[in-house]
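The values are calculated or read from the model by the stated rules, or taken from the named source; none is laboratory data. All figures in this text were calculated on a predicted structure; none of them were measured in a lab. Here the Cβ positions follow ideal geometry from the backbone for every residue, glycine too, while neighbour counts run over all protein chains shown.
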Amino acid sequence: MTEADVHTLLSDAFLAVLYGSGPIMAIALVVGLVIAFFQALTQVQEMTLTFVPKIVAIFVGLLIFTPFMYAMVKRLSDRAFDLIVSGGI
């Protein structure tokens with residue numbers, strides 16, 4: 001296994017983490033901003049109002065994006081295992 005293979009595998013791993021967590025983080029960001037805007041408009045400062053909708057949105061996002069995340073992790077692990085089996089060549 002050369003340095004280029006290691007670099008490629010590590011960069012693919014970092015990209016898989018970013019692409020896998022990106023949609024969930026974006027959902028949490030958008031829901032948090034909408035709730036913060038709603039609280040600023042209505043001056044309702046209820047603490048559970050910030051957590052419950054965000055948690056529900058994250059769970060729904062996980063249900064939607066789990067196949068995409070699984071495919072990315074499977075592709076990365078298949079590549080890593082193929083490199084292990086082939087001896088890194």
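From the residues in region 9-49 that are of a type in the set (Ser, Thr, Tyr) and modelled with pLDDT of 90 or more, which one is nearest to Ala71 (Cα to Cα)? Please lay out each step first, then the result.
If we filter region 9-49 for residues that are of a type in the set (Ser, Thr, Tyr), which is where we start, we get 11, 19, 21, 42, 48.
Now restrict to residues that are modelled with pLDDT of 90 or more: 11, 19, 21.
Working: Ser11: 17, Tyr19: 11, Ser21: 13 Å.
Across region 9-49, the extreme among qualifying residues is Tyr19.
Got a number for residues in region 40-50 being within 27 Å of the chain's Cα centre (by Cα) and either acidic (Asp, Glu) or surrounded by 12 or more Cβ atoms within 10 Å (Cβ to Cβ) (or both)? Please lay out each step first, then the result.
Here is the first cut: in region 40-50, the ones within 27 Å of the chain's Cα centre (by Cα) are 47-50.
Those still in the list that are either acidic (Asp, Glu) or surrounded by 12 or more Cβ atoms within 10 Å (Cβ to Cβ) (or both) too: 49-50.
The qualifying residues number 2.
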